[in-house]
Amino acid sequence: MSKTWPLVPLWEILTKSEEWIGIKPDERYREVTVRLWGKGVVLRREAAGSEIVADKRLVVHAQQFILSRIDARNGAFGLVPDSLDGAVVSNDFPVFTSNPSRILPSFLGWMSRTSSFVDVCRAASEGTTNRVRLKEDRFLATKISLPPFPEQQRIVVRIEELAAKIEEARGLRRQAVSGCDALCRSIIFEQSNGISRPTPMRELVRLKETDVVVRGDEMYLFEGVYCFGGGVFKGQCKSGMEFSYTRLTRLRSGNFVYPKLMAWEGALGVVPPECDSLVVSPEFPVFEIDESQVLWETLDVYFRTPSVWPILSAASTGTNVRRKRLNPADFLSFEMPLPPMSTQLLLREVKAKVDALERLQTETAAELDALLPSVLDKAFKGEL
């Protein structure tokens with residue numbers, strides 16, 4: 001905080017709200033919660049009064065300031081958005097109304113997203129390891145640097161201008177990634193239209209056998225597959241004593257893998273180099289790709305395309321939606337429209353450039369994410 005602004009205790013600018021209402025079993029209520037690390041106040045659920053285990057709740061209003069007693073030390077606080085005006089919270093979430101003659105709610109909202117404000121909440125919390133709670137009297141006694149109204153207004157305007165530019169940059173990045181994905185899909189689905197050959201997967205891939213014998217005294221690094229085309233990722237490291245499988249499958253870069261239960265939701269992908277040598281349980285069929293017939297890029301793009309997932313769902317078996325399984329035999333019988341090799345080689349060339357671009361964007365995303373905290377740090381030091 002700026003050393004040139006006067007110090008003001010929080011109790012001078014925040015008044016605790018005590019607007020409680022009785023909960024009626026036959027009425028519906030919106031309950032809110034607060035995300036960690038300045039991610040804001042959000043809807044937790046809509047529920048009937050009969051589902052709420054309390055006879056009263058605290059009402060919140062737009063632009064009030066709310067904290068989590070348990071997680072304020074982890075950045076769980078923020079302003080109530082207009083969309084949640086009139087919602088309710090439990091006593092675990094103290095609610096405060098800001099003094100309109102002393103501080104702009106928007107100034108308080110941005111200030112609360114600084115690391116120094118998190119430090120304020122951390123210093124005002126105490127307790128044993130799993131029972132740390134915010135102490136309201138200590139919190140309200142904390143002094144903060146508070147500029148006069150005109151300076152608050154100037155700072156808010158400047159922060160919002162820069163935040164809008166950062167969000168615009170994020171939007172352009174998302175558009176670029178989406179455009180790259182669309183380009184790769186168009187090579188398969190548009191340029192190959194009319195010349196693709198329906199081909200059963202058994203002609204393109206070979207199911208691998210489980211090849212790792214589990215030992216209780218060894219550690220195993222598992223992989224996972226995100227739904228909705230998110231791809232393969234590194235999962236948890238577990239001891240052989242922590243699971244019941246006696247055999248696992250070792251992954252190799254370029255293998256194709258999916259979980260039987262979630263394939264119909266787009267949880268399929270090619271193993272990237274960083275996941276080489278990870279393991280999966282027998283619930284994850286693993287396939288070697290015959291690249292004389294199909295390139296890994298073709299399979300990766302095709303099976304991570306949303307329009308393909310309903311077709312996979314139809315090929316899956318199960319008594320209800322959440323238990324549908326794509327068994328290896330059904331997957332091997334599944335027919336995909338196989339583009340000619342010339343089209344696949346074009347896709348490989350394009351995808352190599354797209355992947356390089358996405359790696360660059362991933363690197364710059366971290367820099368982009370660091371911009372707003374840097375802006376806020378300067379703003380509340382009086383340097384913006």
* Would you check which residues across segment 115-125 are outside any strand (DSSP E or B) and farther than 15 Å from residue 143 by Cβ and list them? => 115, 118, 122
* Residues (touching a Gly at 6+ places or on another chain (Cβ under 7 Å) and of a type in the set (Gly, Ala, Ser)) located in segment 259-276 -> 266, 269
* To do: Give me a count of the residues in segment 271-299 that are part of a helix (DSSP H, G or I) and of a type in the set (S, T, N, Q).
  => 1
* Asked: Yes or no: residue 261 surrounded by 14 or more Cβ atoms within 10 Å (Cβ to Cβ) and either more than 22 Å from the chain's Cα centre (by Cα) or closer than 21 Å to residue 184 by Cα (or both)?
  -> no
* **Condition check for residue 22: under 26 Å from residue 118 (Cα atoms) and either at pLDDT 95 or above or of a type in the set (Gly, Ala, Ser) (or both)** => no
* **From the options 240, 224, residue that is in contact with a strand residue (DSSP E or B) (Cβ under 7 Å, 6 or more places away or on another chain), within 25 Å of residue 329 (Cα to Cα), among the small types (Gly, Ala, Ser) and in the same structural domain as residue 205 (by TED's automatic domain parsing)** => 224
* Asked: Of all residues in segment 1-31, which are assigned to a strand (DSSP E or B) and among the polar types (S, T, N, Q)?
  -> 15
* To do: Could you pull out the residue among 183, 162, 140 that is farther than 24 Å from residue 4 by Cβ and in contact with a helix residue (DSSP H, G or I) (Cβ under 7 Å, 6 or more places away or on another chain)?
  => 183
* Structure fact -> Of those in segment 316-326 that are under 27 Å from residue 247 (Cα atoms) and assigned to a helix (DSSP H, G or I), the residue nearest to the chain's Cα centre (by Cα) is 322
* **residue 155 vs. criteria touching a residue at least 60 places away in the same chain (Cβ under 8 Å), touching a Ser or Thr at 6+ places or on another chain (Cβ under 9 Å) and either of a type in the set (A, V, I, L, M, F, W, C) or not in a helix (DSSP H, G or I) (or both)** => no
* Structure fact -> In segment 137-152, anything in a helix (DSSP H, G or I) and in contact with a Ser or Thr (Cβ under 9 Å, 6 or more places away or on another chain) is listed as 138, 139, 149, 152
* **residue 12, sole failed condition from (1) within 26 Å of the chain's Cα centre (by Cα); (2) within 22 Å of residue 144 (Cβ to Cβ); (3) acidic (Asp, Glu)** => (1)
* Structure fact -> In segment 169-187, anything within 24 Å of residue 296 (Cβ to Cβ), modelled with pLDDT of 75 or more and of a type outside the set (Gly, Ala, Ser) is listed as 180, 181, 183, 184, 185, 187
* Structure fact -> Among 101, 125, the single one that is surrounded by fewer than 21 Cβ atoms within 10 Å (Cβ to Cβ) and either out of contact with any Lys or Arg (no Cβ under 9 Å at 6 or more places or on another chain) or without any contact (Cβ under 8 Å) to a residue 40 or more places away in the chain (or both) is 101
* Asked: Are any residues in segment 330-353 closer than 30 Å to residue 261 by Cα and part of a helix (DSSP H, G or I), and if so, which ones?
  -> 330, 331, 332, 333, 344, 347, 348, 351
* Given (1) surrounded by 13 or more Cβ atoms within 10 Å (Cβ to Cβ); (2) modelled with pLDDT under 90, number of the condition residue 17 does not satisfy -> (2)
* Return yes or no: is residue 301 surrounded by 13 or more Cβ atoms within 10 Å (Cβ to Cβ) and out of contact with any strand residue (DSSP E or B) (no Cβ under 8 Å at 6 or more places or on another chain)? => yes
* Asked: Does segment 351-375 hold any residues that are touching a helix residue (DSSP H, G or I) at 6+ places or on another chain (Cβ under 6 Å), farther than 17 Å from residue 175 by Cβ and not charged (D, E, K, R), and which are they?
  -> 371, 372, 375
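The values are calculated or read from the model by the stated rules, or taken from the named source; none is laboratory data. Source: prediction; values computed, not measured. Every residue, glycine as well, gets a Cβ built from its backbone with ideal geometry; the counts of neighbours run over all protein chains shown.
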